[in-house]
2 protein chains.
Amino acid sequence: MSSHRCNAFDDICNQNIEKNLRMNSIAEDSDDEYVSEEDVVTPWDVTSKSAKGIDYDKLIVRFGCSKINDDLISRIEALTQRKAHHLLRRGVFFSHRDFNELLNCYEKKQPFFLYTGRGPSSTSLHCGHLIPFIFTKWLQETFNVPLVIQLTDDEKYLWRDISFEDVRRATYENAKDIIACGFDVKKTFMFSDFAFLGQCPQFYQNVVRIQKNVTFNQVKGIFGFGDSDCIGKIAFPAVQAAPCFSSSFPFIFDSNQKVPCLIPCAIDQDPYFRMTRDVAPKMHFPKPSLIFSIFFPALQGAQTKMSASDPNSSIFLTDSPNQIKNKINKYAFSGGGSTIEEHRAKGGNCDVDISFQYLRFFMEDDERLEQIRKDYTRGELLTGHLKKELIEVLQKLVGEHQERRKQITDEMVAEFMKPRRLEI
Amino acid sequence: MSSHRCNAFDDICNQNIEKNLRMNSIAEDSDDEYVSEEDVVTPWDVTSKSAKGIDYDKLIVRFGCSKINDDLISRIEALTQRKAHHLLRRGVFFSHRDFNELLNCYEKKQPFFLYTGRGPSSTSLHCGHLIPFIFTKWLQETFNVPLVIQLTDDEKYLWRDISFEDVRRATYENAKDIIACGFDVKKTFMFSDFAFLGQCPQFYQNVVRIQKNVTFNQVKGIFGFGDSDCIGKIAFPAVQAAPCFSSSFPFIFDSNQKVPCLIPCAIDQDPYFRMTRDVAPKMHFPKPSLIFSIFFPALQGAQTKMSASDPNSSIFLTDSPNQIKNKINKYAFSGGGSTIEEHRAKGGNCDVDISFQYLRFFMEDDERLEQIRKDYTRGELLTGHLKKELIEVLQKLVGEHQERRKQITDEMVAEFMKPRRLEI
């Protein structure tokens, strides 16, 4: 699983994507009207030719999921007696499937659990990778529910030209970064597939149950797999689907419970869970609910790709304050005028300005952000000043993450990854 | 895995078998000259239109394996200082791949291990199911090597319309029957996939390593899978391949050892191991060696199918002495003359006579068997007498098996299935 844009940027993928989109086969999602759109969104590739990036409204229609509207946000706030997270209010988490079902559970004091994950990358995480984890942490704290985090080391091994040892090392380093986001070990179980599939028979049993209910034709339609793909890729979607079912974690959930699941993730992961939602009734389990984020853009602009091989395409969690400053000043795509005079006269375009977009993700102060938006749009705030704001926010974010990560010991990783009952 | 003819008879299979045979794609085995033959041999179907059953000489050429000849048998006897088992001397185990490699190991006092298995069936085992286990026990005692026995409950669940609970129950009952064959618990590890894939991470890791090295095109060619097959079937061959690699059992073998493997099985299982032998060099492991048996015929004759739903198609291990007697008298296909006069005049045909064929499998006394063959062929021995010989042999075999099986406790099953170091 790639919780955010990582898979889309990191992976080598020979899929015929146009064909893939055309073949989205599970009934609830297909909509032939939109198949000729230029945006490509799969777990392994996200591409848009527009300077504004992906057209998310069209994507919602094409995937058949729902938009998060003000009513839903108000309901969340009313039920939890907390202000909605800024990632929700600002439309970073913008779409969902059956989120209201989970709120119904919460209202009736019935249990549910959170499931998110990541496909471990061998390079350091970038700040966009934090988004699903920041939001998941907020969900966990707000709803006080168990959380399982899957590290799909098997997926990375299957899709990339990487040794088994390297993928295991990356998994361990990624685990430390995720723990450094501040999850509560008492309520959180993290696992890697390569380890957990030797720890819990019920997990493999659910993988096989899912695999019995999905044909090659279906994964061909959903994921674009072809005859020359290895059988590991063809089998893998069931491994990402299995954590949706609470019986995969018998040490957390009683066997007579069928606890519903909410998955926060970037929308490129939807194909996995469309498949899972199709299978769930055959497994006599509730369909997982989902809440989807938009993609985190590259410094160079929303239509370019972040690349693990290009350290200048994003801010990494290992970057020094100086590297952060230099990268943003040098590479962050500006929506401002080409000269100060033009900027003062015509104003800046926040929709394409990467510094403003990054602030939308990371600046917590709503009023300040709104002020920046107005001032920049009117041309009163210059690009240099906008970048200065972002540099300060990211230097703080990354610096604090580095401090927390230093405290993560091997013992803490082992504790998070130990199958055990959670304290909920 | 079906060690004997069980899969071929038990399973519902919609494969296009002719196409399957035509597509055997791994280079070492294909031989276009023979693809138009009538015999069908796959892990899920064995069919011959000849009264004599499968033409094994042609099958050897088509599969690209080797015939077991007198030289090989002499070498085994010379190396082990034991007379070869009657199943070897009588051509029941008739073919092999690289068996000489294993003998070279043994000669140099280098280790190897045995691997066999069974796809658990919900009905009782029949006496033919004992053949691979009787022979494997002899191999283990003769060469004094560790043995792993795989029960492919996942395979049965994927291929058949059976509930998860029923396949687990069948696995447990089958395990007891296998243990009752007399294996030494100190040297034998038995496991079911549904349990072991939650006990040993290295096993799943090897499954994924194999799956990375096999494409859908390859399993399509080898097994005849199609687009409408579930992804569980497509993934499964890697689960049957994984036990060939000693690193799948880190509790038995040191991680720095790459211990070669010998697999006794019926020849319908060859496709799995052709695939495995193709993958082995990419895994930096020795190719498994194999020793193949012919199929155990149905009572009604070598060209008919044994069917789990027809209790009269074979002698089951739960049959009473009287059931054994009545089934053989009533159903065992006779190669004798249609009248006593004709039989006395023309003699009987041992090649198609099921009673004689069963004696070939189960009568240990060579001289007596040879005398029976001569007398029956000459017409001196009548079918009734031949059947009487077989009834006695099978009543003893089944009766003794039932006695031993009664002694098998839950604790003994647990001990066989516990991952542990073996005493070799």
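The values are calculated or read from the model by the stated rules, or taken from the named source; none is laboratory data. Predicted model, so just to flag it, every value in this text is computed and none were measured. Here Cβ is always computed from backbone atoms with ideal geometry, including for glycine, and neighbour counts include all displayed protein chains.
If the condition is being surrounded by 18 or more Cβ atoms within 10 Å (Cβ to Cβ) and closer than 17 Å to B:P297 by Cβ, then region B:343-356 contributes B:G348, B:C350, B:V352, B:D353, B:I354, B:S355, B:F356.
Just so you know, in region A:208-233 the residues that are buried (at least 24 other Cβ atoms within 10 Å of the Cβ) and small (G, A, S) include one that is nearest to B:D227 (Cα to Cα), and it is A:G224.
For region B:192-208, a residue qualifies if it is touching a residue at least 60 places away in the same chain (Cβ under 8 Å) and over 10 Å from B:S248 (Cβ atoms), and the qualifying residues are B:S192, B:A195, B:Q199. In region B:393-411, the residues that are within 15 Å of B:I178 (Cβ to Cβ) reach residues that are hydrophobic (A, V, I, L, M, F, W, C) with C-beta atoms within less than 6 angstrom, at least six apart or across chains, in these pairs: B:H401/B:A180; B:H401/B:L317; B:R404/B:A180; B:R405/B:A180; B:I408/B:I179; B:I408/B:A180.
Listed by position, the helices (runs of 4 or more DSSP H) contained in region B:99-207 that have at least 3 residues being surrounded by fewer than 24 Cβ atoms within 10 Å (Cβ to Cβ) and β-branched (V, I, T) are B:130-143. Quick check, is A:S313 modelled with pLDDT under 95 and touching a strand residue (DSSP E or B) at 6+ places or on another chain (Cβ under 8 Å)? Considered against the rule, which asks whether it is modelled with pLDDT under 95 and touching a strand residue (DSSP E or B) at 6+ places or on another chain (Cβ under 8 Å), A:S313 comes out as yes. Residues that are within 24 Å of the chain's Cα centre (by Cα) and more than 8 Å from chain A (Cβ to nearest Cβ) do occur in region B:224-231, at least one of them.
Among the residues examined, B:M417 qualifies as in contact (Cβ under 8 Å) with a residue 60 or more places away in the chain, surrounded by 17 or more Cβ atoms within 10 Å (Cβ to Cβ) and over 18 Å from B:R90 (Cα atoms). Regarding A:Q211, is this residue touching a strand residue (DSSP E or B) at 6+ places or on another chain (Cβ under 8 Å), within 11 Å of another protein chain (Cβ to nearest Cβ) and either of a type outside the set (G, A, S) or not in a loop (DSSP other than H, G, I, E, B) (or both)? Yes; evaluated as a whole, the condition is true for this residue.
Total residues in region B:194-223 satisfying the condition of being among the aromatic types (F, W, Y) and over 23 Å from the mean Cα position of the chain (by Cα): the figure is 2.
The residues in region B:215-252 that are part of a loop (DSSP other than H, G, I, E, B) and closer than 21 Å to B:I263 by Cα can be counted, and the count is 6. Among residues of region B:239-251 being in contact (Cβ under 8 Å) with a residue 60 or more places away in the chain and buried (at least 21 other Cβ atoms within 10 Å of the Cβ), the one that is nearest to the other protein chains (Cβ to nearest Cβ) is B:V239. Here the condition is being surrounded by 20 or more Cβ atoms within 10 Å (Cβ to Cβ) and outside the structural domain of A:S48 (by TED's automatic domain parsing); of A:I340, A:I328, it holds for A:I328 alone.
Can A:F236 be described as touching a residue at least 12 places away in the same chain (Cβ under 8 Å), within 11 Å of chain B (Cβ to nearest Cβ), over 21 Å from B:I162 (Cα atoms) and surrounded by 22 or more Cβ atoms within 10 Å (Cβ to Cβ)? Considered against the rule, which asks whether it is touching a residue at least 12 places away in the same chain (Cβ under 8 Å), within 11 Å of chain B (Cβ to nearest Cβ), over 21 Å from B:I162 (Cα atoms) and surrounded by 22 or more Cβ atoms within 10 Å (Cβ to Cβ), A:F236 comes out as yes. The residue of region B:400-417 that is nearest to B:L151 (Cα to Cα), among those that are part of a loop (DSSP other than H, G, I, E, B) and under 24 Å from the mean Cα position of the chain (by Cα), is B:M417. Filtering A:I73, A:I162 for residues that are within 29 Å of B:I210 (Cβ to Cβ) and in the same structural domain as A:C261 (by TED's automatic domain parsing) leaves a single hit, A:I162. Filtering region B:261-279 for residues that are assigned by TED's automatic domain parsing to the domain that holds B:D57, hydroxyl-bearing (S, T, Y) and either within 23 Å of B:D153 (Cβ to Cβ) or touching a residue at least 24 places away in the same chain (Cβ under 8 Å) (or both) leaves a non-empty set.
In region B:261-278, how many residues are in a helix (DSSP H, G or I) and closer than 16 Å to B:N206 by Cβ?
Of the residues in region B:261-278, 6 are in a helix (DSSP H, G or I) and closer than 16 Å to B:N206 by Cβ.
Of everything listed in (1) aliphatic (A, V, I, L, M); (2) over 17 Å from B:T276 (Cβ atoms); (3) within 14 Å of another protein chain (Cβ to nearest Cβ); (4) out of contact with any strand residue (DSSP E or B) (no Cβ under 9 Å at 6 or more places or on another chain), the single unmet condition for B:L151 is (4). Within this structure, A:A180 passes the test of being more than 8 Å from every other protein chain (Cβ to nearest Cβ) and either more than 26 Å from B:I234 (Cα to Cα) or in contact with a helix residue (DSSP H, G or I) (Cβ under 7 Å, 6 or more places away or on another chain) (or both).
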